[in-house]
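The values are calculated or read from the model by the stated rules, or taken from the named source; none is laboratory data. Not measured: the values here are computed from a predicted model. Glycine gets a Cβ as well: all are built from the backbone with ideal geometry, and neighbour counts include every protein chain shown.
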Amino acid sequence: MRRVRAEILSTRRVGVYHSLTLVAPEIAERARPGQFVGIAMPAGRSFLLRRFYFIHQASRRGGWAGTLEFAFEPDGVGAEWLGSARAHQFLDVMGPLGRPFAFPRRLTNCLLVAEGHGTAALTFLAQELRARGKRVDMIVGGATEEAVFKPIEVKRVSQTVAILTGDGSLGTKGRPVEALPEMAEHVGAEVVYAAGPRELLRAVAEFCREHRIPAQVAVEERMACGIGLCFACTVPVVRKDGSGYDNLRACVEGPVFNPARVLWDRWMADIPRMLPTPPGGSPVVGSWPG
Amino acid sequence: MAGVKRTLAVDLGGIALSTPLVAASGTFGTGREGGLLDTRRLGAAVSRSITLAPRKGAPSPRVAETASGLLWSVGLQNPGIDAFLADELPRLTRTGIPLFVSIAGSSLEEYVRLASVLQDVQGIAGIEVYLRGEGEAQEGEPFLSSAEHVVGVVGAVSRLSRLPVVAKLPVSLADLVESARGCVRAGAHGLTIDGSAPGMAIDTARLRPEVGAISGFLSGPAVRPFTVRAVFEVARILPEVPILAAGGVWTGNDAVELLLAGAWAVEMGTALLVDPSAATAAADGILGYLKHKGLASPADIRGRVRIPEPGTGEEAG
């Protein structure tokens, strides 16, 4: 990971999202799908913490070499400030942060499920999978048509696509997870990847466990430092040998996890302190096929 | 002023630091994160707080941003003293920066056992005793809620320790000045005055507390005036005792403010989490201030805040 002063090359609106392209060759060269960047807020303001966003695009070759794109909703003071940033302005950027998605070595048929800005991370993954000769199919969605991130690019990078929106303004009415069983069977999914709200990730975890399909999900948790120092962004994850669980940092041990090992109830409960600690004999789950 | 040899070095009563800037507990990682934290101008660092047995820590979410503040509740997540000594300490000390090990416990016995274990460990500069009560009630009162408990723990640790012991006193502690005096009398080498205060924030849309532990502690620039006042009050009673100020230091000027209030060194926490080179920038800021004032070292600023005398016409209206 690097920390750089990066110039904004361009900014644009993509539906409900802002998309920023930066000149950041040190980060772009190393960026892999599932990783993210941390953007510092301006000095002397009341919002202190960096904002963290999935990398949507990192160009290593061609005319755009050395550029990096990420997208976000203007959903708070920091994101609104960032949304008002203009081309040629400089940002203090750390990245690439976190552990990326792993690519399957033998299995071919990859189904990618994303909702909201999770789609930004998974279109990057789709490109990298296709570059490795994998078949990619995608299910994407959002609350409205405007919240479906770059549907045309999604169609470009995947064999078949299912689009679902909460209000039915684009594609089918519903949430992406509803299309999962049919799509998985239809495309013969051998591996599933997901990014988006926790409810989606948990549903993907349950589906894949039931159908014995290996999966990887990119989680989001509130962060302070983004580089492993503060232990703010932890997720409860069962140990490989099943002997209990550890609170792992989404920023350095994640954000990509095997969903079969995440203790979703503990992580998502409103009052997790009321949950009993799981007994020593947690199930040992299959590891990534590699 | 010509001929002044300027330095950032400070001496905490026999503990030599190259700068008065210290990475606060919980900002120095485990030694495996590598890379981005700029340690060039750190005079020392404090480890995350270590307990006897491993602790899972607090439920998610553990942080929330508030106006100029960071509300946090990590709940002392740590691997326990044995795993810490085996896996983390060797990496943390490899940096060459003097390291204080922060210890936390739920009982007097736990603190004593932790301190005993550390006596045989090579390469650490001292022990910082974390003193926020999270343990069971003793005789009806929560552990560490009174000056008596705090002084009891610090005294027990200091008596058995060959390493310098620094007591980290929360400003929210009832009778802070009395506790400080008691800790020093009981054998503490120094004090960290910790400006983080208990706090809570509520997500109004979801009608839920912002942090999983319901309430947490507030850090960041929002709390700096708490730290300044507490350091000022303690330092004027105990001018000979090394005081580290923790809570709200972001810039060189913030550090100077706390030195003027009476601190010998300052700890940086939230600032380092946001800006891994905050200590380097702060060091430059302190040097700039010394140069501007024609002074040689941070010790020349210590406790130099001028309090107007009544009747001179200087007092506030």
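Of all the numbered requirements in (1) free of Cβ contacts under 8 Å to residues at least 60 places away in the same chain; (2) surrounded by fewer than 24 Cβ atoms within 10 Å (Cβ to Cβ), A:ARG198 misses one, and that requirement is (1). Scanning the stretch A:20-46 for residues that are buried (at least 18 other Cβ atoms within 10 Å of the Cβ), within 13 Å of another protein chain (Cβ to nearest Cβ) and assigned to a loop (DSSP other than H, G, I, E, B) returns A:ALA40, A:MET41. What do you reckon, is B:LEU92 closer than 25 Å to B:ALA44 by Cβ and within 21 Å of the chain's Cα centre (by Cα)? Considered against the rule, which asks whether it is closer than 25 Å to B:ALA44 by Cβ and within 21 Å of the chain's Cα centre (by Cα), B:LEU92 comes out as yes. Of the residues making up the stretch B:183-222, those that are in a loop (DSSP other than H, G, I, E, B), crowded, with 23+ Cβ neighbours inside 10 Å and of a type outside the set (Gly, Ala, Ser) number 1. Does A:SER169 satisfy the criteria of being out of contact with any His (no Cβ under 7 Å at 6 or more places or on another chain) and within 23 Å of A:PHE70 (Cβ to Cβ)? Against the criterion (out of contact with any His (no Cβ under 7 Å at 6 or more places or on another chain) and within 23 Å of A:PHE70 (Cβ to Cβ)), A:SER169 does not qualify.
Put simply, of B:LEU144, B:LEU169 the only residue that is closer than 16 Å to B:VAL46 by Cα and either touching a residue at least 24 places away in the same chain (Cβ under 8 Å) or not aromatic (Phe, Trp, Tyr) (or both) is B:LEU169. Checking each residue in the stretch B:275-289 for being in a helix (DSSP H, G or I) and surrounded by fewer than 21 Cβ atoms within 10 Å (Cβ to Cβ) picks out B:THR280, B:ALA281, B:ASP284, B:GLY285, B:LEU287, B:GLY288, B:TYR289. All conditions but one from (1) assigned to a loop (DSSP other than H, G, I, E, B); (2) assigned by TED's automatic domain parsing to the domain that holds A:GLU128; (3) within 22 Å of A:ALA120 (Cα to Cα) apply to A:ILE227; the one that does not is (2). Exactly one residue out of A:ARG222, A:ARG198, A:ARG212 is more than 30 Å from A:PHE47 (Cα to Cα) and among the basic types (Lys, Arg), and it is A:ARG212. Have a look at A:ARG156, A:ARG106 and point out the one that is basic (Lys, Arg) and assigned to a helix (DSSP H, G or I). Selected residue: A:ARG156, the only one of A:ARG156, A:ARG106 that is basic (Lys, Arg) and assigned to a helix (DSSP H, G or I). Listed by position, the strands (runs of 3 or more DSSP E) contained in the stretch B:38-154 that have at least 2 residues being closer than 26 Å to A:PRO236 by Cβ are B:63-66, B:69-72, B:99-103.
Against the test of being within 14 Å of chain B (Cβ to nearest Cβ), touching a residue at least 40 places away in the same chain (Cβ under 8 Å) and farther than 14 Å from A:GLU115 by Cβ, the options A:GLY226, A:GLY244 yield a single qualifying residue, A:GLY226.
Could you figure out which of (1) over 14 Å from the mean Cα position of the chain (by Cα); (2) under 15 Å from A:VAL14 (Cα atoms); (3) part of a loop (DSSP other than H, G, I, E, B) isn't true of A:PHE149? A:PHE149 satisfies every listed condition except (1).
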